[in-house]
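A.B. asks: Would you mind keeping the following structure in view while I ask a few things?
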Amino acid sequence: MEYNIGVIRGDGIGPEIVKEALKVLDGVCGRYGFSLNKTEIDMGGCSIDKYGIPLTEEAIRTAKAQDAILMGSIGGDAKTSPWYKLEPSKRPEAGLLSIRKELNLFANLRPSVLFDELKSACPLSKETADKGFDFVIMRELTGGLYFGERYTREIDGVETAVDTLSYNENEIRRAAIKAFDIAAKRGKKVTLVDKANVLDSSRLWRKVTGAVAAEHPDITFETMLVDNCAMQIVKEPSQFDVILTENMFGDILSDEAAMITGSIGMLSSASLNDTKFGLYEPSGGSAPDIAGLNVANPIATILSAAMMLRYSLDQDRAACAVEDAVKQVLKDGIRTGDIMSEGCRKVSTDEMGDAILDRIQGP
Ligand code: IPM
Ligand code: MG
């Protein structure tokens, strides 16, 4: 079996962490009897440097022809990078938004899991950390404020900026169905997070998601206001299984959910459409401050590659082998700087990749 995967190395730490994920993938595919045909795709700052825009038509065409895409991260330091002197629609982030839209990647899954070995790195109270947590945020990714009409202009002599938050019932329904499908394979609970006490769009989310919930009597359904959810994530994260939410709320809550696991360098992410295709990337950003230093944590990208094996390539056993190898590395006390704790061995980005590769078990 051979799969076509697109590789977006991107900016900042992107190339370093993707290199480690590819190393692990190459190790696992040989043992599990499949191969990967890789095609490089430019996106973000590196595409701006080459072509003047963050995502070319050619890149979109190439991306569409793949079975899945593995991505590092895009973007640079907004204060110092020349990319941020360009108008917003030509900056690196615009490439990311446009690939999400072009590939119809409406469902963004961001798991938040506290590994036993990292409990001491968890910033929550010891009591909360001891209980552990394992939930996933299902963030709608192609609608809402990110894609609504926006402009800045003078209205009645006053400079005014407008961003529009709009959702239609179809966009909500397909996201809700995805969330219930995921919950069915996990803890059988969906929490819809919204601001229904204020926003019309949130009230539509409640109505449409409520109807989808009625078709899934075996899954517990609840709603929660987003401000309360922000609090509950730090107070009692073990209550959550699948959090379903719109684009902007999901952006914010998923960083919070990542941080409570000890490091944003641990969290994988998958962006899916309604086929098997997906784009897989770490939840964290491009961390330009540590780019090129060989200190970034590649685990989030390696776990994203495992998600790719599971969701897009149907290689579940290979996915488990990667996840088990990551757990084993943590058990063995091997740590990058961001998750370092006393008595552990501190390693570089590529040493972490090697350590995980060494621990991949055969079928
Ligand atoms: C993310 C990022 C992006 C987003 C940025 C880089 C546009 O923060 O993937 O969460 O806001 O979606
Ligand atoms: Mg974000």
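The values are calculated or read from the model by the stated rules, or taken from the named source; none is laboratory data. Bear in mind that the values here come from a model prediction, so they are computed numbers and not experimental data. When we count neighbours, we look across all protein chains shown, and the Cβ atoms used for this are built from the backbone with ideal geometry, even at glycine.
A.B. asks: Any residue at all in the range 295-305 that's under 21 Å from L36 (Cα atoms), among the polar types (S, T, N, Q) and outside the structural domain of L199 (by TED's automatic domain parsing)?
C.D. replies: Yes - at least one qualifying residue is present in the range 295-305.
A.B. asks: Working carefully through the options T245, T261, find the one that is surrounded by 21 or more Cβ atoms within 10 Å (Cβ to Cβ) and over 27 Å from K101 (Cα atoms).
C.D. replies: It is T261.
A.B. asks: I'd like the residue in the range 220-253 that is touching a Gly at 6+ places or on another chain (Cβ under 6 Å) and under 22 Å from Y146 (Cα atoms) and, out of all such residues, is farthest from ligand 1 (Cβ to nearest atom).
C.D. replies: E246
A.B. asks: Here is a list of conditions, (1) within 16 Å of ligand 1 (Cβ to nearest atom); (2) assigned to a helix (DSSP H, G or I); (3) of a type outside the set (A, V, I, L, M), and G148 meets all of them except one; can you say which number that is?
C.D. replies: (2)
A.B. asks: Quick one: would you say P217 is at pLDDT 95 or above and either within 16 Å of ligand 1 (Cβ to nearest atom) or surrounded by fewer than 22 Cβ atoms within 10 Å (Cβ to Cβ) (or both)?
C.D. replies: The answer is yes for P217.
A.B. asks: Given (1) under 27 Å from T336 (Cα atoms); (2) charged (D, E, K, R); (3) outside any strand (DSSP E or B), where does R9 come up short, assuming only one miss?
C.D. replies: Answer for R9: the failing condition is (3).
Each row is one residue, and each column tells you yes or no for (1) in a helix (DSSP H, G or I); (2) under 16 Å from M138 (Cβ atoms); (3) of a type in the set (V, I, T); (4) in the same structural domain as D163 (by TED's automatic domain parsing).
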| site | (1), (2), (3), (4) |
| --- | --- |
| T191 | no, yes, yes, yes |
| W205 | yes, yes, no, yes |
| F221 | no, yes, no, yes |
| C229 | yes, yes, no, yes |
| Q232 | yes, no, no, yes |
| L244 | no, yes, no, yes |
| I252 | yes, yes, yes, yes |
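A.B. asks: Tally the residues that are in contact with a Leu (Cβ under 8 Å, 6 or more places away or on another chain) and part of a loop (DSSP other than H, G, I, E, B), restricting the search to the range 99-122.
C.D. replies: 5
A.B. asks: Just name the residue that is nearest to ligand 2 (Cβ to nearest atom) out of those in the range 267-298 that are farther than 25 Å from F106 by Cβ and not in a loop (DSSP other than H, G, I, E, B).
C.D. replies: Once the filter is applied, the top-ranked residue is P288.
A.B. asks: Can I ask one more? Can you name every residue in the range 128-144 that is touching a strand residue (DSSP E or B) at 6+ places or on another chain (Cβ under 9 Å) and farther than 23 Å from T209 by Cβ?
C.D. replies: Within the range 128-144, just G132 meets the criteria.
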